[in-house]
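The values are calculated or read from the model by the stated rules, or taken from the named source; none is laboratory data. Nothing here was measured: the structure is a model prediction, and the numbers come from that model. Because the Cβ atoms are built from the backbone with ideal geometry, glycine has one as well, and the counts that use them run over all protein chains shown.
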Amino acid sequence: MESSQHDGQRGGEPPAAVAFMPYATADSSLRALAGQAEGFGRHAIGGLHGDVYHVTTLEGTHEPMPLHYSSSLHEPLSPDDGDGSLREGCRRREPLWIVFDVSGTIHLTTPVRVSSYKTIDGRGQRVVLSGKGLQLRECEHVIVCNLEVERCRGHDADAVQVKPGSRHVWIDRCGLRDCADGLLDVTRGSTDVTVSRCRLSAHDKAVLIGASSGHVEDRAIRVTIHHCLFDGTRQRHPRVRFGRVHLYDNYTRNWGIYAVCASVESQIVSQCNIYEAGEKKKVFMYMKEQAADRDQSSTGLIRSEGDLFLNGAEECSAQDSEAAADEQWNFKIEDLDFYRSCSVQPASMALKELLECFTGWQPVPLPEDICLEGKTDSD
């Protein structure tokens, strides 16, 4: 892809910009991921204190039994279920670090419900979830790493769905594309989520944070999205209601409507991101909605710091928001010092090239499991 002109660039690229991907030590051992996320999902430990669960089958180990329900999550058994399946590992109540002994596509007929204290670790294999995606419902401490999710079909079919009331979630190095609804939804009071090093492509509505102006519990939402590539997705990078969102070091290109949308009471910090326009030039959009417990409607607000605007991408400042002009609510970026504590690097062409190469699923080996006592599984 040829470099575009630096139209509307803020700041300026250093003469010899050097970009780096975060989490340099995350692959040093199997469980080194735990608790290492930057941003709001920083406390997610996944299955740190659990056994290693091996996914040994892509197709399940028994015939589907639609009238039989599991005693724990009350979901019908599916063709992809049974011993050694991903679904079985995600269903179990105890902490688990889930790894894969096989590569290939798991064809899902129903979403996979992920329970608390789970790590789904796709390193060492190439695993694609197709047909349906992952549901993180009323759970906490979940890490999803190095998977691909695609072609989810049916009503409310998202690649990854975080709702309701889930927290401490880290989605890292995942490729999400071509689903019927959204690629990633964080709604219904779910919070403390980090999305990093992911590639989202071939889709309309990419990321939804806060689903309705009636869901006032979404004022609790806090999400960090960093070092991600949004490639040819039309809108919602993300769209936000109520929540607080930190976007940094992402590359969004060739959107179809807008890049980032701030709606009712949302607070978005866009820091050192790269926005490269295609035919549509508007980067930031503001939408008015009325919260269920308010008398007047309002938009959200966006603070842009160090963003790089390419190919005629049009910045829209917070002063263009009707909410800011009318002073309908007091806009104050909360936790601004916390945002600035993240390892943000300047938006540059070097960063752009890095994100093109090292987002989404990566061919990294599965690290050795160094147990908490310093022993390995082979000891």
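Can you find a residue in the range 20-32 that is of a type outside the set (Ser, Thr, Tyr), loosely packed, with under 14 Cβ neighbours inside 10 Å and modelled with pLDDT of 90 or more? Yes, the conditions are met somewhere in the range 20-32.
A count restricted to the range 134-172 and to residues that are more than 25 Å from Glu94 (Cβ to Cβ) and either among the β-branched types (Val, Ile, Thr) or under 15 Å from the mean Cα position of the chain (by Cα) (or both) stands at 4.
The condition of being out of contact with any Lys or Arg (no Cβ under 9 Å at 6 or more places or on another chain) and of a type in the set (Val, Ile, Thr) holds for only one of Val186, Val195, that being Val195.
Would you please name the residue that is surrounded by the most Cβ atoms within 10 Å (Cβ to Cβ), looking only at residues in the range 216-264 that are at positive phi and over 13 Å from the mean Cα position of the chain (by Cα)?
Asp249
Within the range 368-376, can one find any residue that is modelled with pLDDT of 95 or more, closer than 27 Å to His227 by Cβ and over 23 Å from the mean Cα position of the chain (by Cα)? Yes. Considering only residues in the range 156-208 that are outside any strand (DSSP E or B) and in contact (Cβ under 8 Å) with a residue 60 or more places away in the chain, the one that is farthest from Phe358 (Cα to Cα) turns out to be Cys174.
With respect to (1) at pLDDT 95 or above; (2) more than 27 Å from Asp293 (Cα to Cα); (3) in contact with a Leu (Cβ under 9 Å, 6 or more places away or on another chain), the lone exception for Thr194 is condition (3). For the range 286-315, residues that are assigned to a loop (DSSP other than H, G, I, E, B) and charged (D, E, K, R) total 6. Of all residues in the range 137-153, at least one satisfies being modelled with pLDDT under 95, in a loop (DSSP other than H, G, I, E, B) and not charged (D, E, K, R). Which ones in the range 27-42 are in a loop (DSSP other than H, G, I, E, B) and either over 23 Å from Val162 (Cβ atoms) or touching a residue at least 40 places away in the same chain (Cβ under 8 Å) (or both)? Listed by number, the residues that qualify are Asp27, Ser28, Ser29, Ala34, Ala37, Glu38, Arg42.
Just checking, does the range 204-217 include any residue being at pLDDT 95 or above and over 20 Å from Arg303 (Cβ atoms)? Among the residues of the range 204-217, at least one is at pLDDT 95 or above and over 20 Å from Arg303 (Cβ atoms), which makes the answer yes.
The residues listed here are Tyr339, Tyr275; of these, the one that is surrounded by 24 or more Cβ atoms within 10 Å (Cβ to Cβ), of a type in the set (Phe, Trp, Tyr) and either modelled with pLDDT of 95 or more or not in a strand (DSSP E or B) (or both) is Tyr275.
Contact map, the range 93-110: residues that are within 19 Å of Cys179 (Cα to Cα) paired with residues that are among the hydroxyl-bearing types (Ser, Thr, Tyr) and part of a strand (DSSP E or B), Cβ distance under 9 Å, separation 6+ or inter-chain. Pairs shown: Thr105/Ser130; Ile106/Ser130; His107/Ser130; Leu108/Ser130.
Among residues of the range 344-362 that are touching a residue at least 12 places away in the same chain (Cβ under 8 Å) and closer than 17 Å to Ser201 by Cα, those with a beta-carbon under 9 Å from a residue that is acidic (Asp, Glu) and buried (at least 19 other Cβ atoms within 10 Å of the Cβ) at least six positions away or on a different chain give the pairs Lys352/Glu276; Leu355/Asp249; Glu356/Asp231; Thr359/Asp231; Gly360/Glu148; Trp361/Glu148.
Take Ala211 and decide whether it is of a type outside the set (Asp, Glu), surrounded by fewer than 22 Cβ atoms within 10 Å (Cβ to Cβ) and touching a helix residue (DSSP H, G or I) at 6+ places or on another chain (Cβ under 9 Å). Full working, then the answer.
Working: of a type outside the set (Asp, Glu): yes; surrounded by fewer than 22 Cβ atoms within 10 Å (Cβ to Cβ): yes; touching a helix residue (DSSP H, G or I) at 6+ places or on another chain (Cβ under 9 Å): yes.
So Ala211 fits the description; yes.
Annotation: of all residues in the range 342-366 being over 19 Å from the mean Cα position of the chain (by Cα) and in a loop (DSSP other than H, G, I, E, B), the one that is surrounded by the most Cβ atoms within 10 Å (Cβ to Cβ) is Ala347.
Against the numbered list (1) crowded, with 24+ Cβ neighbours inside 10 Å; (2) modelled with pLDDT under 95; (3) under 28 Å from Tyr23 (Cα atoms), Trp170 comes up short only at (2).
Identify, please: which residue in the range 79-126 is assigned to a loop (DSSP other than H, G, I, E, B) and small (Gly, Ala, Ser) and is, among those, modelled with the lowest pLDDT? Going through the qualifying residues, I end up with Gly82. Give the residues of the range 149-158 that are surrounded by 22 or more Cβ atoms within 10 Å (Cβ to Cβ) and within 23 Å of Ala220 (Cβ to Cβ), sorted by residue number. Matches in the range 149-158: Asp158 only.
Within the range 341-355, being polar (S, T, N, Q) and touching a Cys at 6+ places or on another chain (Cβ under 7 Å) holds for one residue alone: Gln345.
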